[in-house]
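K.L.:
The following block contains the structure, expressed as structure tokens.
The values are calculated or read from the model by the stated rules, or taken from the named source; none is laboratory data. As the structure is a prediction and not an experimental result, all values here were calculated from the model. So basically every Cβ, Gly included, is an ideal-geometry build from the backbone, and we count neighbours across all protein chains shown.
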């Protein structure tokens, strides 16, 4: 969810924030034993708070906005006599801000609050969850996180990469081809895999941007490789090779063995690459022109590393078998 929110914030899409209010209402009620309701059903409250617990006199604002203006607007609701005895917390969907001394002093002076006592991050929530009884943690995971965690674990690194691409590259023109010298190796690989000129052009024009992926830490890069190469690409490659071997047998093959089979039959991998690209694009949260370019950049990164598409050594492997 963290990666989703980062992506949506970049394009000013707050729909996921709205969805998260109800999600966290239920989770907070579970872990804190609270009785929060969504306060946005009341126009009186909607600008300042998101959750209200009338029984325990608690208010919660859920936000991804980290400005000091946002915190002052939220705390302004405490001037309403109806909430005189209420406590308030601000839960940040992304990273918790580190306000400067001026903001800290103003909050203390105007509201009599220590700003650090009212700010809550996902790490604070995890600490609370970790202190629950084992059976309560299991219940919480089964009820609220089971399918969600699986989805976001698979996709989170992919979305983080795309966020970096948006921040660092922005709109990607299709005319950023490499020089002839720089193209020698990828061009040979495109030809080796019998990839069409159009698809090859998309790969060439994306290679200059793949260095962003190198900035990932090792674990993130391995996770991205698992998703793109071993889950998505491998699946389409096996589907394409079933005319030569049974699917059951192909599933036991290593990626090198699958590529050796491609070499043996001089397989044109154009459609496999296209299917892989489309699958990556469909997984992206961003659904505009950037999605097409970002999907090609990610695919091209693993193509250049010879994880996607066969390489000369696969031909040698095939000849030795």
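K.L.:
Would you pick out the residues in segment 202-213 that are part of a helix (DSSP H, G or I) and touching a residue at least 12 places away in the same chain (Cβ under 8 Å)?
P.N.:
Within segment 202-213, 202, 203, 204, 205, 206, 207, 208, 209, 212, 213 meet the criteria.
K.L.:
Sticking with this structure for a sec: Enumerate the pairs (first residue in segment 239-252 and closer than 21 Å to residue 268 by Cβ; second residue anywhere and in a loop (DSSP other than H, G, I, E, B)) with beta-carbon separation below 7 Å, excluding pairs fewer than 6 apart on the same chain, so at least 6 apart or on different chains.
P.N.:
Sorted first by the residue in segment 239-252, then by its partner, the pairs are 244/265; 250/242.
K.L.:
Is it the case that residue 259 is modelled with pLDDT under 95, over 28 Å from the mean Cα position of the chain (by Cα) and under 22 Å from residue 189 (Cβ atoms)?
P.N.:
The answer is yes for residue 259.
K.L.:
Okay, moving on. Looking at 78, 93, 132, which one is surrounded by 16 or more Cβ atoms within 10 Å (Cβ to Cβ) and touching a residue at least 40 places away in the same chain (Cβ under 8 Å)?
P.N.:
None of the others qualify; the one that does is 93.
K.L.:
Another question, then. Return the only residue of 126, 59, 113, 94 being part of a helix (DSSP H, G or I) and either within 29 Å of residue 143 (Cβ to Cβ) or modelled with pLDDT of 90 or more (or both).
P.N.:
The match here is 126.
K.L.:
Quick test of your reading of the structure: residue 268 fulfils all but one of (1) closer than 16 Å to residue 189 by Cβ; (2) surrounded by fewer than 20 Cβ atoms within 10 Å (Cβ to Cβ); (3) modelled with pLDDT under 85. Name the failing condition by number.
P.N.:
Of (1) closer than 16 Å to residue 189 by Cβ; (2) surrounded by fewer than 20 Cβ atoms within 10 Å (Cβ to Cβ); (3) modelled with pLDDT under 85, only one is false for residue 268: (3).
K.L.:
Output the number of the condition that residue 225 fails; it satisfies all remaining conditions of (1) within 19 Å of residue 191 (Cβ to Cβ); (2) within 27 Å of the chain's Cα centre (by Cα); (3) touching a residue at least 60 places away in the same chain (Cβ under 8 Å).
P.N.:
Of the numbered conditions (1) within 19 Å of residue 191 (Cβ to Cβ); (2) within 27 Å of the chain's Cα centre (by Cα); (3) touching a residue at least 60 places away in the same chain (Cβ under 8 Å), the odd one out for residue 225 is (1).
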